[in-house]
1. If we keep just the residues of segment 109-139 that are over 22 Å from Gln149 (Cβ atoms) and charged (D, E, K, R), which is least open to solvent (accessible area, probe 1.4 Å)?
2. Farther than 26 Å from Leu188 by Cα and either in a helix (DSSP H, G or I) or open to solvent by less than 60 Å² (accessible area, probe 1.4 Å) (or both): is that true of Ala57 in this structure?
3. Quick check on my filter: what residues within segment 20-31 are surrounded by 13 or more Cβ atoms within 10 Å (Cβ to Cβ) and under 20 Å from Asp95 (Cα atoms)?
4. Return the only residue of Ser106, Ser101 being touching a residue at least 40 places away in the same chain (Cβ under 8 Å), small (Gly, Ala, Ser) and open to solvent by 30 Å² or more (accessible area, probe 1.4 Å).
5. Does Thr81 qualify as being farther than 23 Å from Ala53 by Cα and either at pLDDT 95 or above or in a helix (DSSP H, G or I) (or both)?
6. Restricted to segment 142-154, and to residues that are open to solvent by 90 Å² or more (accessible area, probe 1.4 Å) and in a loop (DSSP other than H, G, I, E, B), which residue is modelled with the lowest pLDDT?
Amino acid sequence: MALDRQQVVDEALSLLDDKGLESLSLRTLAGRLGVQAPTLYWHIGSKAELLDALADAIMDDAIAAIPAPGPDGEWSEWLLTALTELRRAMLRRRDGARIVSGARLSLRRADFSESAMSTLVDHGIELQRARLLVLAGERLTVGYVLEEQAPTDESQQPPDLEELLGRFPVMTRAIGEYFHDGRTSDDLYQDTARLLLGLPPHA
């Protein structure tokens, strides 16, 4: 069966999940597909084009999961749902946030922004405010997932707890109080996004 672009993208996503972004190369991808590297150029012209295609695939998953906005619905709750689905789509892929953040020519990411801005404008939000809300929400979400997916060096020793408590008393108290009742990273994302959108904290 002849190789097509979708097969290339699907295998690239599998390679990404298995090995991570650092190991993603056209040569390695060609080997997994059982073809010579030049064969891929019929479908993907460069690694940059491949990364944009991967970003489009991640954004496809996010966009497909977003419910249609209701005519009388609360725009801020709808935007929170859209941003939450964006976060989930990136988390489903290893280094997903790095892929999306580096995709300068991903039209599907632009589709996400256009849909979100249009929804806000349709609900009476002034154009420039809608643009800034969507921009801030996207950057919060991508940045948050970049931190969540950042690799850790297990050989490093963590800082001394007593030193942290002494040097950062307010910050450590705030963190301790927040997570004391079993809150998670998911809760922290939701509460941060809700603050940005003018919504009350999650109960």
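The values are calculated or read from the model by the stated rules, or taken from the named source; none is laboratory data. Everything quoted here is computed from the prediction, not taken from an experiment. Note: ideal-geometry Cβ built from the backbone for every residue, glycine included; neighbour counts use all protein chains shown. Note: areas computed on protein heavy atoms with side chains; ligands, DNA, RNA excluded. Shrake-Rupley method; radii C 1.70, N 1.55, O 1.52, S 1.80 Å.
1. Just the residues of segment 109-139 that are over 22 Å from Gln149 (Cβ atoms), to begin with: 110-111, 114-134.
Those left that are additionally charged (D, E, K, R): 111, 114, 122, 126, 129, 131.
Numbers: Asp111: 70, Glu114: 113, Asp122: 128, Glu126: 106, Arg129: 123, Arg131: 109 Å².
The extreme case among them is Asp111.
2. Numbers: farther than 26 Å from Leu188 by Cα: yes; either in a helix (DSSP H, G or I) or open to solvent by less than 60 Å² (accessible area, probe 1.4 Å) (or both): yes.
It is true that Ala57 is farther than 26 Å from Leu188 by Cα and either in a helix (DSSP H, G or I) or open to solvent by less than 60 Å² (accessible area, probe 1.4 Å) (or both).
3. Gly20, Leu21, Leu24, Ser25, Leu26, Thr28, Leu29, listed by residue number.
4. Numbers: Ser106 fails: open to solvent by 30 Å² or more (accessible area, probe 1.4 Å).
Going through Ser106, Ser101 in turn, just one is touching a residue at least 40 places away in the same chain (Cβ under 8 Å), small (Gly, Ala, Ser) and open to solvent by 30 Å² or more (accessible area, probe 1.4 Å): Ser101.
5. On the way: farther than 23 Å from Ala53 by Cα: yes; either at pLDDT 95 or above or in a helix (DSSP H, G or I) (or both): yes.
Yes; evaluated as a whole, the condition is true for this residue.
6. Residue satisfying both the conditions and the ranking: Glu154.
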